[in-house]
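Structure first, then comments.
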Amino acid sequence: MERADPVSLTSTFFDRDVEVVARDLIGAELTVAGVGGIIVEVEAYDDQDPASHSYVGPTLRNAVMFGPPGHAYVYRIYGLHWCLNVVTGPVGSGSAVLIRALQPTKGVDAMVTRRGVSELRTLCAGPGRLTHALAIDSSHNGAPLFEAPFSISVQEVKPEVVAGPRIGISKATNLHRRFAAKGSAYLSRPVSLL
DNA sequence: GGTATGATTGACT
DNA sequence: GTCAATCATACCA
């Protein structure tokens, strides 16, 4: 049988508007050292967005967001979890896509061991869970996601994408900048219709 | 110098 | 449903 192979993404993919990249990332496969899965949930942020870390302009913490597209912005949240973002273009726009949930496909055993749970549904369902499962931490901050140990590739099947309000923020809740694979069982939470 | 606050999760009532 | 864990950053004195 014939089928197209997955296409690995390069830096140009990320050098576009943050919402466009966010939608296109749904259904792509993200792995770190061969461990990961299909991206099923993301959120978009930029420097015009009161809920974004980049809203206040460049600082030591968010410097990576204002750097080249395709690089990882990793930060600690609530003192105990890591969150993974992909910087998007153009350079200096302070925009990034928060990766919120994966459907596990590669290296499931390794992820189960790291997380200490075996249910696939919750293995990578949430930004903190996902980074734990893939062993992502501050050492990856600023690293290019289109080079080893990272890999992002577009799959042959593109899920239908739905949008809704973002999760866990108190500002700009009217913006529908959360994107998810419709009907996926691996989301951190169902997409609200608000 | 001190203090308030989160793009969260897991445990518990 | 409520709440503690735990710390880098931001902001105020």
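The values are calculated or read from the model by the stated rules, or taken from the named source; none is laboratory data. Computed from a predicted structure; not experimentally measured. Neighbour counts run over all protein chains shown; Cβ positions are idealised from the backbone, glycine included.
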Practice problem: Please tell me if A:Gly79 is free of Cβ contacts under 8 Å to residues at least 12 places away in the same chain and on the phi > 0 side of the Ramachandran plot. | Solution: yes
Quiz item: Within segment A:98-116, is even one residue of a type in the set (Val, Ile, Thr), in contact with a Gly (Cβ under 7 Å, 6 or more places away or on another chain) and away from DNA strand B (no atom under 11 Å from the Cβ)?
Solution: yes
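I'd like to check something: does segment A:32-51 contain any residue that is among the polar types (S, T, N, Q) and over 23 Å from A:Ala148 (Cα atoms)?
Checking segment A:32-51: at least one residue is among the polar types (S, T, N, Q) and over 23 Å from A:Ala148 (Cα atoms).
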Quiz item: Does segment A:51-92 hold any residues that are of a type in the set (Gly, Ala, Ser) and either within 21 Å of A:Ile26 (Cβ to Cβ) or touching an Asp or Glu at 6+ places or on another chain (Cβ under 6 Å) (or both), and which are they?
Solution: A:Ala51, A:Ser52, A:Ser54, A:Gly70, A:Ala72, A:Gly89
Quiz item: Being over 18 Å from A:Leu25 (Cβ atoms) and out of contact with any strand residue (DSSP E or B) (no Cβ under 7 Å at 6 or more places or on another chain), is that true of even one residue in segment A:149-167?
Solution: no
Quiz item: Can you find a residue in segment A:104-124 that is within 16 Å of the chain's Cα centre (by Cα) and small (Gly, Ala, Ser)?
Solution: no
Exercise. Out of the residues in segment A:79-91 that are within 16 Å of DNA strand C (Cβ to nearest atom) and at pLDDT below 95, state the one that is surrounded by the fewest Cβ atoms within 10 Å (Cβ to Cβ).
Key: A:Gly79
Quiz prompt | Matching residues, segment A:45-71, being buried (at least 19 other Cβ atoms within 10 Å of the Cβ), more than 25 Å from A:His176 (Cβ to Cβ) and out of contact with any Phe, Trp or Tyr (no Cβ under 7 Å at 6 or more places or on another chain) | solution = A:His71
Quiz item: If A:Met111 satisfies every condition in (1) over 19 Å from A:Ile169 (Cα atoms); (2) of a type in the set (A, V, I, L, M); (3) surrounded by fewer than 18 Cβ atoms within 10 Å (Cβ to Cβ); (4) touching a residue at least 24 places away in the same chain (Cβ under 8 Å) but one, which is the exception?
Solution: (3)
Quiz prompt | Residues located in segment A:168-179, provided they are touching a strand residue (DSSP E or B) at 6+ places or on another chain (Cβ under 7 Å) and within 12 Å of A:Leu194 (Cβ to Cβ) | solution = A:His176, A:Arg178
Quiz prompt | Residue satisfying condition, being away from DNA strand C (no atom under 16 Å from the Cβ) and over 21 Å from A:Pro159 (Cα atoms), within set A:Gly128, A:Gly67, A:Gly107, A:Gly94 | solution = A:Gly107
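The rows are residues; the columns are (1) near DNA strand B (Cβ under 8 Å from one of its atoms); (2) part of a loop (DSSP other than H, G, I, E, B).
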position: A:Tyr55; (1), (2): no, no
position: A:Pro58; (1), (2): no, yes
position: A:Val64; (1), (2): no, no
position: A:Ala72; (1), (2): no, no
position: A:Arg76; (1), (2): yes, no
position: A:Val87; (1), (2): no, no
Practice problem: Working only within segment A:28-53, note down all residues that are over 11 Å from the mean Cα position of the chain (by Cα), away from DNA strand C (no atom under 12 Å from the Cβ) and not in a strand (DSSP E or B). | Solution: A:Ala33, A:Gly34, A:Asp46, A:Asp47, A:Gln48, A:Asp49, A:Ala51
Practice problem: Please work out if A:Val7 is modelled with pLDDT of 95 or more, among the β-branched types (Val, Ile, Thr) and either within 13 Å of DNA strand B (Cβ to nearest atom) or closer than 22 Å to A:Pro104 by Cα (or both). | Solution: no
